[in-house]
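Notes follow once the structure below has been shown.
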Amino acid sequence: MVKLTIDGIKVEAKSGDTILSAAKKAGIQIPTLCHVKGLPAQGACRICLVEVEGARGLMAACSTPVVADSVVETSSEKVIKARKLVLELLLSEGDHDCIICEANGDCKLQKMAYEYGVSNTDLKYKGEKRAAVKDTSSRFIIRDGTKCILCNKCVLACNSRGVHGILYKNERGFSSKIVSDDCELSDSGCVYCGECIQVCPTGALYEKKRVGKGRSWELDKVDTTCPYCGVGCQLTVHVDSKNNRPVKVTGRYTTPNEGMLCVKGRFAYDFPLSDKRITSPMIKKNGEHVQVSWDEALDYTAGRLKEIIEKHGPDSYAGVSCARSTNENNYAAMKFARAAIGTNNIDHCART
Amino acid sequence: MTNSIQEIRDAKVIFAIGTNTTEAHPVISYYMKQAVNKGAILIVNDPRRIDLCNWATIHVQHKVGTDVAYLNGLMNIVLANGWQNDKFISECCTNWDEMKKTIDDYPAEKASEICGVPVEQMTEVAKIISHNDPVSLCYTLGITEHTSGTDNVKSCANLQMMLGNMGKHASGVNPLRGQNNVQGACDMGALPNVYHNYQKVTDPAAKAKFEKGWNRPGLSDQLGLKMPTMFNGMLSGDVKAFFCYGENVAMTEPHMSHTLKCLEAVEFMMVADIFHNQTTPYADVIFPCTSWAEEEGTYTNSERRIQRVRPFLKPHENYREYWWIVNELAKRLGYDMGFTTSNSVWEEMRKLGTSYNGITWDRCDDVGLQWPCPDLEHCGTTFLHADGNFVCGLGKFSPAQWRPQAELPDEEYPLVLSTGRRLWHYHTTQTRNSEGIDDLFSEEYIEISPVDAKELAIDNGDYVNVTSRRGSIKARAWVTNRSPRGVCWLSFHFHEACGNVLTIDAFDPVTETAEYKACAIKVTKAESAPFEITRERQARP
């Protein structure tokens with residue numbers, strides 16, 4: 001174990017731990033923009049700078065290992081000044097117009113600028129802006145280079161979490177940019193897992209389907225389980241409850257998916273609003289389906305079932321249950337066949 | 001799955017067989033690829049050059065329908081070299097002598113001749129899986145959807161038991177379940193032979209337990225009908241009333257024209273579903289159900305984890321949860337099922353269950369709980385058969401002999417058709433009714449190898465007629481190396497060109513699972529509509 005002092009607090013950390021993780025364990029928050037939990041540090045954004053006694057300059061907490069008996073200050077005057085400078089520089093090279101930005105209220109850069117009192121309309125640095133393009137080519141993901149701070153998180157997400165290998169950083173210095181293969185996103189091999197959106201700390205990556213459908217603070221968040229394959233990804237549906245519509249989906253950082261999703265889990269959430277939904281009980285009368293009340297449908301069905309069971313016995317009934325529905329509905333289906341009808345003729349689509 | 005999903009990331013070797021993981025279980029494929037990034041060896045065993053091969057160390061391209069011969073051949077090589085785990089075999093397993101006899105029937109050369117994999121490659125694979133630890137064997141419907149499905153599954157288990165790759169972290173036999181709650185539907189006893197938690201209907205003690213628990217004397221102890229037999233019963237007149245809940249059977253069962261005949265024949269048909277689909281026209285009564293977005297309850301995922309489902313939309317006034325519908329019907333039939341809420345259903349199930357007894361909604365509220373979880377103090381089970389202590393006592397080797405698929409290609413139908421899911425779609429209605437998904441993959445393409453396409457003068461994008469002994473569809477051609485010579489591939493997502501018009505209603509004798517993965521077809525060009533594919537992309541032309 002390594003003993004050190006952070007903000008006057010005695011902290012013990014494992015050898016090889018970073019200042020960032022040691023501080024976190026001690027309950028001290030150091031801001032980050034480029035750090036991805038569980039992945040190696042990048043030291044790209046410089047927002048986590050801290051003062052280490054005896055060091056020549058400020059150090060990036062995310063990539064500086066703890067040293068025994070060192071003394072670290074995470075919010076000294078020097079540190080605050082440096083962070084403000086970093087924020088001003090980040091804001092000055094892009095177009096961070098929060099007014100119509102989809103990330104408004106959900107943006108780490110905005111939150112930090114607010115906390116440190118840095119305004120993007122009153123910047124000291126009025127130099128050249130990075131030449132950046134907005135790629136709206138794809139069906140689901142918008143990439144807005146003008147809001148990109150080159151933190152590289154999307155590149156890490158694409159290459160180390162989903163392991164798709166589509167996004168990477170191209171060129172050097174001021175002309176650096178994030179690219180998808182060497183083409184527009186729609187022509188690339190992107191499989192639209194949307195992990196890049198989920199890790200983006202600004203409005204540089206967002207869901208096309210959510211545009212104009214509500215600000216983050218207007219949306220209710222409901223945690224549920226993905227309705228597609230058998231992985232059982234945990235996700236949060238962001239819902240515009242007033243208009244009864246889902247606006248976007250994010251992955252939850254828990255078992256089994258650790259925040260990750262696929263194209264279906266992240267984007268195929270709106271089928272419940274389809275106009276092909278059945279909206280009324282129906283009975284076939286003279287070869288046509290006619291809308292009826294629930295009571296009529298249930299009475300009619302029970303009558304027909306009674307007739308058939310009396311005439312042909314309970315084993316003339318067969319039921320198929322649903323492997324996409326809940327456990328509760330499946331238990332009900334099997335109890336209905338066995339206890340209400342009196343047959344074991346119950347199966348479901350996993351068979352075939 | 002005997003292991004948990006995230007354990008896959010810690011495997012040293014991933015032996016993936018009959019699983020198109022990047023498309024059918026994308027998030028599991030992320031963990032596989034993360035393992036590769038950490039140095040794991042990924043062996044993809046699949047007749048098709050699926051996208052997962054891009055990350056594989058070895059791609060074994062065995063022929064469609066030869067899994068048993070291939071796996072027995074691997075076991076033969078392991079045994080011939082003394083690479084088996086004798087300690088595990090003698091201490092934790094039984095029936096090894098019979099297993100050895102079958103293994104002796106599959107010398108490498110013979111297995112190689114059947115499955116088309118060179119002996120050298122089989123030897124390399126056998127060496128890797130027996131010299132590394134942990135080894136995670138993952139399979140999906142490429143193993144089960146065959147007339148030899150049961151034997152394929154047994155062979156996967158035989159191989160892993162022989163190597164001692166069971167009952168350990170990241171090491172086991174891992175079927176990746178296809179649908180969100182297919183594990184749960186089985187666990188809940190929506191099967192003709194068991195009540196929930198696999199309590200047998202033929203067991204007098206179970207019968208007595210449910211007669212008391214349900215206050216319903218005289219429960220049947222006769223095995224019920226499996227789905228294919230149900231359908232045939234509609235034609236023969238044995239089945240008079242058919243209740244179809246939440247499945248578009250017209251499109252998802254094999255041999256569509258046969259299915260439709262059955263649905264036409266049945267005297268009284270009830271459908272409870274969320275969409276008007278290809279099955280609803282046959283219904284005498286239709287009940288509108290709540291969907292995923294409007295109902296409350298639980299799903300059980302591939303790793304046996306019970307997870308909460310919560311409503312996020314206000315339902316239309318006519319939507320009802322299925323438990324409510326059958327509860328109301330039962331009342332009218334003179335039996336009170338006693339359900340008042342979704343949770344009341346759960347609590348009754350739990351109290352009459354075994355491996356689910358300790359799982360309440362509250363307990364699985366955040367991250368879920370994995371069964372077996374027999375009581376309220378139990379914290380769930382992350383992997384089964386720990387330390388080689390199989391749930392059933394000793395692990396029994398179940399030797400299997402290879403036999404070919406039901407319908408082999410011939411002169412008239414020279415190509416093999418295999419079917420499955422695409423990344424962009426799920427089944428037949430949900431993804432096709434989600435904004436944007438249909439724009440990415442909006443019509444069906446039959447995947448065909450460049451060699452076959454050239455012989456048939458078919459270009460990328462051309463419309464082709466695809467015909468089997470059971471029917472014919474028209475789809476566009478995707479000329480691609482994903483298909484090996486002689487093999488074509490289709491999905492069942494599109495009613496406009498559904499693979500199940502062509503598939504064969506031949507079934508595994510034990511499970512009655514259909515052979516969706518192999519039938520014989522012919523392909524002819526219908527009309528030119530060529531397009532050029534400018535770059536290689538995953539999962540779409």
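Every number in this text was worked out from the coordinates using simple rules, so none of it is lab data. All of these numbers come straight from a predicted model, not from anything done at the bench. Please note: Cβ atoms are built from the backbone with ideal geometry, for glycine as well, and neighbour counts cover all protein chains shown.
Taking the inverse of the mean reciprocal distance over all distinct Cα pairs, the Kirkwood hydrodynamic radius of segment A:156-284 comes to 16.6 Å. As a ratio to 2.2 N^0.38 Å, the alpha-carbon radius of gyration computed for the protein assembly as shown takes the value 0.99. By other beta-carbon atoms within 10 Å, ranking A:Trp294, A:Trp217 with the fewest at the front produces A:Trp217, A:Trp294. The lysines whose alpha-carbon is closer than 22 Å to the alpha-carbon of B:Lys127, local same-chain residues fewer than 8 away aside, are B:Lys12, B:Lys33, B:Lys38, B:Lys63, B:Lys87, B:Lys100, B:Lys101, B:Lys110, B:Lys154, B:Lys168.
In vacuo Debye scattering of segment A:225-274, one point per C-alpha: log10 I(q)/I(0) at q = 0.18, 0.22 Å⁻¹? Scattering profile of segment A:225-274, log10 relative to I(0): -0.53, -0.75. Applying D = kT/(6 pi eta Rh) to segment B:394-442, where Rh is the Kirkwood radius over alpha-carbon pairs, T corresponds to 20 °C and eta to 1.002 mPa s, the Stokes-Einstein value obtained is 141 µm²/s. Each residue, A:Arg56 and B:Leu376, gets one label point 7 Å from its Cα in the Cβ direction; the gap between the two is 6.5 nm. For the listed peptides B:533-539, A:121-127, a ranking on the average number of other beta carbons within 10 Å per residue, highest first, reads B:533-539, A:121-127. Structural size metrics of segment A:186-229, computed from C-alpha coordinates, are Rg and Dmax of 13.0, 34 Å. The share of C-alpha pairs in segment B:243-353 whose separation exceeds 25 Å stands at 34 percent.
Counting only Cα atoms, I'd like the Rg/Rh figure for segment A:247-352, Kirkwood definition for Rh.
Result: Rg/Rh = 1.10.
Classification of segment A:274-332 by its C-alpha gyration tensor yields an oblate form. The axis ratio a/c (a ≥ b ≥ c) is 1.5 or more, and b/c is at least a/b.
Sort out for me the Cα centre separation of segment B:281-296 from segment B:187-215, rounded to whole Å. If we compute the Cα centre of each part, the gap is 27 Å.
Per-residue ellipticity at 222 nm from helix content only, as computed over chain A with -39500 (n - 2.57) for each DSSP H run of at least four residues, stands at -6000 deg cm²/dmol. Across all Cα pairs in chain B, the calculated P(r) in 20 Å bins from zero up to the longest distance comes to 20, 54, 26, 1 percent per bin. For a modelled paramagnetic label at B:Glu527, 7 Å from Cα along Cα-to-Cβ, the residues of segment B:431-450 in reach, with backbone nitrogen under 19 Å, are B:442-446. Here's the list of aspartates and glutamates a cross-link from A:Lys264 could span, going by alpha-carbon distance under 12 Å and ignoring same-chain residues fewer than 8 apart: B:Glu23, B:Glu435, B:Asp438.
With a threshold of 19 Å on the Cα-Cα distance, the over-threshold entries among B:Lys261/B:Lys517; B:Lys209/B:Lys331; A:Lys84/A:Lys124; A:Lys10/A:Lys111 are B:Lys261/B:Lys517; B:Lys209/B:Lys331; A:Lys10/A:Lys111. The smallest convex shape that holds all Cα atoms of segment B:327-372, its convex hull, gives 78 Å³ per residue. Each residue of segment B:410-422 was assigned a 3J(HN,Hα) from its phi angle through the Karplus expression (A = 6.51, B = -1.76, C = 1.60, θ = phi - 60°), giving 9, 5, 6, 10, x, 10, 8, 9, 10, 10, x, 9, 9 Hz with x at Gly and Pro.
Ordering B:Cys156, B:Val119, B:Leu52 by the projection of their Cα atoms onto the charge dipole of segment B:5-176, which places +1 on the Cβ of Lys and Arg and -1 on the Cβ of Asp and Glu, puts B:Leu52 at the extreme positive end.
Taking 41 Å as R0, compute the FRET efficiency from the Cβ-Cβ separation of B:Lys200 and A:Lys25 and round it to 0.05.
It comes out at approximately 0.20.
Taking amide H positions as modeled 1.01 Å from N, with prolines and chain starts lacking one, the residues under 5 Å from B:Lys396 and 5 or more places away or on another chain are B:Thr94.
For a Förster distance of 56 Å, can you work out the FRET efficiency between the beta-carbons of B:Trp83 and B:Ala208, rounded to the nearest 0.05?
Efficiency, rounded to the nearest 0.05: 0.70.
Is the shape of segment B:91-133 best called rounded, prolate or oblate, per the rule: a/c under 1.5 gives rounded, else a/b larger than b/c gives prolate, else oblate, with a ≥ b ≥ c the square roots of the Cα gyration tensor eigenvalues?
oblate
Going 7 Å from the Cα of B:Val451 in the Cα-to-Cβ direction, what parts of segment B:480-520 have a backbone nitrogen less than 13 Å from that spot? Under cut-off, by backbone N: B:481-488.
Working note: Debye formula, equal point scatterers on the alpha-carbon atoms of segment B:118-202, no solvent; log10 I(q)/I(0) at q = 0.15, 0.20, 0.25 Å⁻¹ is -0.72, -1.07, -1.24. Less than 15 Å from a label point 7 Å out along the Cα-to-Cβ axis of A:Val71: which backbone N atoms in segment A:3-25 qualify, by residue? Within reach of a label on A:Val71: A:4-11. Listed by chain and number, the aspartates and glutamates placed with their C-alpha closer than 13 angstrom to that of A:Lys306 are A:Asp315; residues fewer than eight positions away on the same chain are left out. Expressed per residue, the C-alpha convex hull volume of segment B:182-377 stands at 138 Å³. Please work out the Kirkwood hydrodynamic radius for segment B:304-448, using every pair of different C-alpha atoms, and report it in angstroms with one decimal place. 21.2 Å is the Kirkwood radius here. The orientation-averaged shadow of the Cα convex hull for segment A:2-75, equal to a quarter of the hull surface, comes to 4.4 nm².
Placing pseudo-labels 7 Å out from each Cα toward the beta carbon at A:Lys124 and B:Glu412 gives an inter-label distance of 8.6 nm.
Given q = 0.08, 0.12, 0.14, 0.21 Å⁻¹, what are the Debye log10 I(q)/I(0) values for segment B:5-176, with equal point scatterers placed on the Cα positions and solvent ignored? Each listed q maps to, in turn, -0.20, -0.47, -0.66, -1.58.
Overall, the ratio between the Cα radius of gyration of segment B:444-532 and 2.2 N^0.38 Å, rounded to two decimals, is 1.10. Could you tell me whether chain A comes out rounded, prolate or oblate from its Cα gyration tensor? Rule is a ≥ b ≥ c as square roots of the eigenvalues, rounded for a/c under 1.5, then prolate if a/b exceeds b/c, otherwise oblate. Prolate. For segment B:214-304, the Cα gyration tensor yields ellipsoid semi-axes of 23, 21, 15 Å (square root of five times each eigenvalue, largest first, whole Å). Among B:Met230, B:Met99, a tally of other beta-carbon atoms within 10 Å of each Cβ gives an order, fewest to most, of B:Met99, B:Met230. Residue-wise HN-Hα couplings along segment B:475-487, as the Karplus relation 6.51 cos²θ - 1.76 cosθ + 1.60 with θ = phi - 60° gives them from phi, are 9, 7, 9, 10, 7, 8, 6, 4, 8, x, 4, x, 10 Hz; Gly and Pro carry x. Estimated from helices alone, the mean residue ellipticity of chain B at 222 nm is -8000 deg cm²/dmol (sum of -39500 (n - 2.57) over DSSP H runs with n ≥ 4, per residue). The loop-placed GluC sites (Glu not before Pro) in segment A:1-109, going by DSSP, that have at most 13 neighbouring Cβ atoms within 10 Å of their Cβ come out as A:Glu53.
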